[in-house]
Structure formats: structure tokens, C-alpha cells
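Engineer: Dropping the structure in here first, questions after.
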Amino acid sequence: MKTNICLACDAPVSSFMSFGPQPLANGFLTPDQFDREYFFEMKVASCAKCGMFQLLEQPDREQMFNQNYAFFSGTSRGMAMHFEQLANDVMQHVLKGTNDPLAVEIGCNDGIMLKHFAKAGVRHLGVEPSANVAAVAKSNGVNVVSRFFDEACAEDIIRQYGQADVFLAANVMCHIPYMHSIIKGIQKLLKPEGVVIFEDPYLGDVLEFTSYDQVYDEHVFLFSVTSVNNLFAKYGMEVYDAQPQETHGGSMRYFICRRGRRPMTKAVLAQMDKEKAWNILSPATYERFRRNCEKSRDDLKSILENLRKKGKRVIGYAATSKSTTIINYCGLTTDHIEFISDTTPIKQGKFSPGKHIPVKAYEEFQKKYPDYALLFAYNHSKEIMAKEKDFMGRGGQWIMYVPQVKIQ
Ligand code: SAH
Ligand code: TYD
């Protein structure tokens, strides 16, 4: 996909910055694949009309989401707890009193959330195109169909299961450029009183913390309440609540219904006011963000160059999707990072996208602690700091880059 019109409202858009040539963020690869590696130019724009922050180019969906998808939701204990809580909230509050309700979740991955519906005997369906993670969901007792959700998929679901009471999506709506087909599908699939609950990394946090690593191939959008509300308004729907989340370094959970079906909360109105005060539609806001990204890149590069000159050992902690943007935008190589430690078996023994830094099992980190660990999974800081007391006790230090570049 390449565009110069807004994917949400069709207004002309132009890029305010480029993160340069970027590979697939989850495209961990083997040496025989190095010379065929795919790159695209990661240019970003923000629509001055509707506020949608977006990529102007994105790889085809089958290139990113397939039977070799490398992201397994269940690798973080914190996320497992987060989604158990959300599942319980939906069952206890949203579906309470509904006769034989149906919950549909798109991008259910390994079933991290839907398995709780399965356990409780609540009718549910997961839609998950990446066959390997969908197979794990199945083995967790989740009812899942392995395909991309869109309008045609919604029609098939209705034929087989009837309409849904709740439509759920976590960290997937922001992956999908064909949003109009998704929302048309939602409109058909949802019962008149049904609700959409979805969450994604929040543009407000990305701008505030300069967490530009949230921009990568899969994240075609970074949403705000303003842009989401503008998008759904075209289809007679509205955001009636918005709840900030700590996950992924700052996310927003959106609650959406058909217009006028539910009272708007004070929180959603307050959040829209905040976004207005941040000038979320103004080019000056994104010009400032571009300068902040460049400074963050230069600061990180200079710390790593200094440590290299001093002969210090630095490893990367967690081969996250986000790390692909950092590594390629900052031009980091094995000169700076000896290897990246990661707990996901499918990533281990492979090389990082673009710069080909080896990815090794977590045990390699434990075997011989480095002097410094560059924390690519800062969004799981609490969980990781609790786990790595020994590393720190032996003098190991962290290199952080969100919200500021620093050693701690
Ligand atoms: N919800 C999980 C997984 C997020 S990763 C979590 O928050 O941890 C995004 C997932 O969305 C991937 O598993 C990908 O295969 C899936 N996906 C991408 N496009 C999709 C589409 N059109 N319909 C359904 N799922 C999709
Ligand atoms: P996450 O921030 O969810 O990744 P993404 O940027 O792709 O959304 O982090 C998940 C990755 O981090 C996954 O590859 C496993 C790895 N990880 C570790 O290696 N150790 C850990 O303690 C944690 C929490 C994650």
C-alpha cells in the first residue's frame, strides 16, 4: 500500500518525516535470506483534517501476518494479567444479563484474552490470520477462524453465528489500512445495542514521550480519541468512553456504540479537550515531534559509540517489533550491540531485521552478564526490573531511550 491521501478521510496528506528504509519489524531472518530482505521507506503523515497519524507506505498484509508470525502475546506475564482483567470486565459488565451473548475478537493471537471466555463457557469467536499463533489459541480451547477480518468475513460470521454483542480488538485496529471495510463489517456484525472495545498505542503518549519506536510497518495508524471519533462518525457511530492504559508504554482503550445509544462519559470529552490543547491537528506539533526523534536518535547513538570506544559489552534486551525501528533509524549494528536476548523460541537463532544482529536465548544473557543492557521492552519495565535484580546487583546498567535517553 502506498498513498498520498488520508486512509481515514481521503484528504490529501504529505509526509512530515521519514524514518528511512525499514524492513519488516517482525521479519527475523536467517543468513540465507539476507540478500532477499524486503525494505520500504517509512514515511509518516498526520492528516490536518481528521487528525489521523499514518504511514504513507505499508507492506502487503500477507508479508506481515502469516504462518511464521513472530509475535506471541503470551510472552509477557503483565500482558496476560491485563487481558484476563479485560475479559472479566467484559463478561461481568458489558455482557451481564444478555442471553447467550457472542463476543468476537479480531487479532486474538494465541488466545491470551479469549481463553478466559472459553473457560467461562461464553460464546466467542477469534479471527486471526497468522496461522501459527491461531493454532496456539485453538490448543488453549479458543474457537478461532484463521483469516483476515473485513466486511466479507463479518458477513460469514453472521451466517454461522448470528450477530455479536461485543467486538473486541487489542493492538490490531492500528495494523489495518482498510479501516472502511472493517467498520462496515462491524456495523453489520454488531447487534443494535452492541459495543466495540478496542485499544492501541496512544498518539498522545508517543508525542509526549518521543516513543517513535511505536512507528513500524504493522502500525499503519497511531490513534487519538479525535481521529477515532472522526473515523467512526462517518458510519453513525461514536466514542462514548476512553480509558488510558499503561500497556505498550501508553495506550488508549476506546468504547464505541451507535450514535446516541449510550451517554458520553466526562472522560472522553476531557480527553478530546486535551488533544485540542496539544494542537493534535497542527503541523507544528509534528514538526516538534520530528526534532525530538532526531535528538533522541543522536543521543542514543552517541552513548553507544562512547561505550564501544571504551570496549564495554552491550546487549539488547528483548527483540521487540519496536526495536526494529530504533536499530534501523539509529543505524545500530553489531559494533554497538553484541546480540539481542529474547524469550521467544521462534526469534532465537535468527538475526534482527535490517541490521542482522544475532538474536539469542535469554539464557545467553544470564550466562555472562554484559556491562549494559539496552532495554527494547521498556513497556515491560516493571516485570523486567523485578526479574533482573541479579544483573543490577552485579553492577549491570540499563540504557533507556523513552522518555529520555539515559543510563540507569
Ligand atoms: N491482540 C494481541 C495480538 C496483537 S498483534 C495482543 O494485544 O497481544 C496483532 C495481531 O493481529 C496479529 O496476531 C495479526 O495476525 C492480527 N491481524 C492483523 N490483521 C488482521 C485482520 N485484518 N483481522 C484479524 N486479525 C488481524
Ligand atoms: P513487546 O513490547 O510486547 O513487543 P512488541 O514491540 O513486538 O509489541 O515485547 C515482547 C517481546 O519482548 C517478545 O519478543 C519477548 C520479549 N521479552 C523478553 O525477551 N523478556 C521479557 O522479560 C519480556 C517481558 C519480553
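The values are calculated or read from the model by the stated rules, or taken from the named source; none is laboratory data. None of these values were measured; they are calculated from a predicted model. In this analysis, Cβ positions are derived from the backbone assuming ideal geometry, glycine residues included, and neighbour counts consider all displayed protein chains. The protein model used for the area step is the full one, side chains on, heavy atoms only, and it has no ligands, DNA or RNA in it. Shrake-Rupley method; radii C 1.70, N 1.55, O 1.52, S 1.80 Å.
Engineer: Residue 52's amide H: which non-local residues (gap 5+, or another chain) put their own amide H closer than 5 Å, with H modeled 1.01 Å from N in plane and none for Pro or chain starts?
Structural biologist: Those qualifying (amide H under 5 Å, at least 5 residues apart or on another chain) are 47.
Engineer: Right, another one. I'd like to check one number: the per residue accessible area of the chain, probe 1.4 Å, reported in Å² as a whole number.
Structural biologist: Here the residues of the chain average 41 Å² of exposed surface.
Engineer: Now for a separate question. Lys/Arg Cβ at +1, Asp/Glu Cβ at -1, dipole of the chain taken about the Cα centre: which of 104, 24, 315 is farthest positive-ward?
Structural biologist: Value computed over the given set: 315.
Engineer: Ok, one more. Mind listing the phi-derived Karplus ³J(HN,Hα) values for the range 70-81, rounded to whole Hz, using 6.51, -1.76 and 1.60 with θ = phi - 60°, and x for any glycine or proline?
Structural biologist: Rounded to whole hertz, the list is 8, 9, 10, 4, x, 6, 10, 5, x, 5, 4, 5.
Engineer: Assigning unit charges at the beta carbon (Lys, Arg +1; Asp, Glu -1) and nothing else, what dipole magnitude in debye, to the nearest 20, does the range 4-55 show about its Cα centre?
Structural biologist: Value, rounded to 20: 260 debye.
Engineer: Now a separate question. Just name one of 194, 167, 92: the one whose Cα is farthest towards the positive end of the charge dipole of the range 73-201 (beta-carbon charges, Lys/Arg +1, Asp/Glu -1).
Structural biologist: After comparing all options, I get 92.
Engineer: Among DSSP beta bridges whose residues both lie in the chain, state the antiparallel percentage, nearest 5.
Structural biologist: 50 percent
Engineer: Same structure again: Using the structure shown, select from 119/322; 347/367; 322/368; 2/188; 312/360 the pairs with a Cα to Cα distance greater than 22 angstrom.
Structural biologist: Exceeds cut-off: 119/322; 322/368; 2/188.
Engineer: Treating the beta-carbon of each Lys and Arg as +1 and of each Asp and Glu as -1, no other charges, what is the dipole magnitude of the chain about its Cα centre, to the nearest 20 debye?
Structural biologist: Taking the Cα centre of the chain as origin, the dipole is about 600 debye.
Engineer: Obtain the nm distance between the two label points defined at residue 366 and residue 308 by a simple spin-label model: each point lies 7 Å from its Cα along the Cα-to-C-beta direction.
Structural biologist: Here the answer is 3.1 nm between the modelled labels.
Engineer: Tally up the carbon and sulfur contribution to the accessible surface of the chain as a whole percent, 1.4 Å probe, everything protein left in place.
Structural biologist: Carbon plus sulfur share of accessible area: 50 percent.
Engineer: Check which residues have an amide H placed less than 5 Å from residue 15's amide H, if you skip close sequence neighbours.
Structural biologist: Residues meeting the criterion, in which the H sits 1.01 Å from N, do not exist here.
Engineer: Which of 124, 73, 140 sits closest to the plus end of the dipole of the range 73-201, meaning its Cα is farthest towards the positive end, when Lys and Arg get +1 and Asp and Glu get -1 on the C-beta?
Structural biologist: Of the listed residues, the answer is 140.
Engineer: What relative contact order, as a whole-number percentage, does the range 73-201 give when Cα pairs under 8 Å and 6 or more residues apart are counted?
Structural biologist: Taking the mean separation of contacting Cα pairs over the length of the range 73-201, I get 23 percent.
Engineer: Still on this model: Per DSSP H run of n ≥ 4, the term is -39500 (n - 2.57); total these for the chain, divide by its residue number, and report the mean residue ellipticity at 222 nm rounded to 500 deg cm²/dmol.
Structural biologist: Dividing the helical sum by the residues of the chain leaves -10000 deg cm²/dmol.
Engineer: Shape call for the range 327-408 from the C-alpha gyration tensor, a ≥ b ≥ c root eigenvalues: rounded (a/c under 1.5), prolate (a/b greater than b/c) or oblate?
Structural biologist: oblate
Engineer: Which are the unpartnered cysteines of the chain, meaning those with no other cysteine Cβ under 4.7 Å from their Cβ?
Structural biologist: 108, 153, 174, 257, 293, 330
Engineer: Okay, moving on. Determine the shape class of the chain: with a ≥ b ≥ c the square roots of the Cα gyration tensor eigenvalues, call it rounded for a/c under 1.5, and otherwise prolate if a/b is greater than b/c, oblate otherwise.
Structural biologist: Since a/c reaches 1.5 and a/b is larger than b/c, the shape of the chain is classed as prolate.
Engineer: Taking θ as phi - 60°, what are the ³J(HN,Hα) couplings along the range 335-346 by the Karplus curve (6.51, -1.76, 1.60), each to the nearest whole Hz, with x for Gly and Pro?
Structural biologist: Result, rounded to whole Hz: 5, 9, 10, 5, 7, 10, 8, 8, 8, 8, x, 5.
Engineer: Give the long-range amide H neighbours of residue 20: residues separated by 5 or more places, or on another chain, with amide H under 5 Å away, using H modelled in the peptide plane at 1.01 Å from N.
Structural biologist: Correct list: 42.
Engineer: What is the local net charge at residue 293, summed over the other residues whose Cβ is closer than 14 Å to its Cβ (Lys, Arg +1; Asp, Glu -1)?
Structural biologist: It works out to a net charge of +2.
Engineer: If you plug each phi of the range 217-232 into the Karplus form 6.51 cos²θ - 1.76 cosθ + 1.60 with θ = phi - 60°, what whole-Hz ³J(HN,Hα) values come out, in order, with x for Gly and Pro?
Structural biologist: 3, 5, 7, 5, 10, 10, 8, 10, 4, 4, 5, 5, 5, 4, 5, 6
Engineer: Okay, next question. Averaging sequence separations of C-alpha pairs under 8 Å and six or more residues apart, then dividing by the length of the range 262-388, give the relative contact order as a whole percent.
Structural biologist: That works out to 23 percent.
Engineer: Hey, another quick one. Can you tell me the relative contact order of the chain? Whole percent, Cα pairs under 8 Å, sequence separation 6 or more.
Structural biologist: Taking the mean separation of contacting Cα pairs over the length of the chain, I get 16 percent.
Engineer: Identify the GluC sites (Glu not before Pro) of the range 168-238 meeting these criteria: DSSP loop state and at most 12 other C-beta atoms within 10 Å of the C-beta.
Structural biologist: Listed in order of number, the matching sites amount to none.
Engineer: Could you order peptides 296-305, 392-401 by the average number of other Cβ atoms within 10 Å of their residues, highest first?
Structural biologist: Highest to lowest by the protection proxy: 296-305, 392-401.
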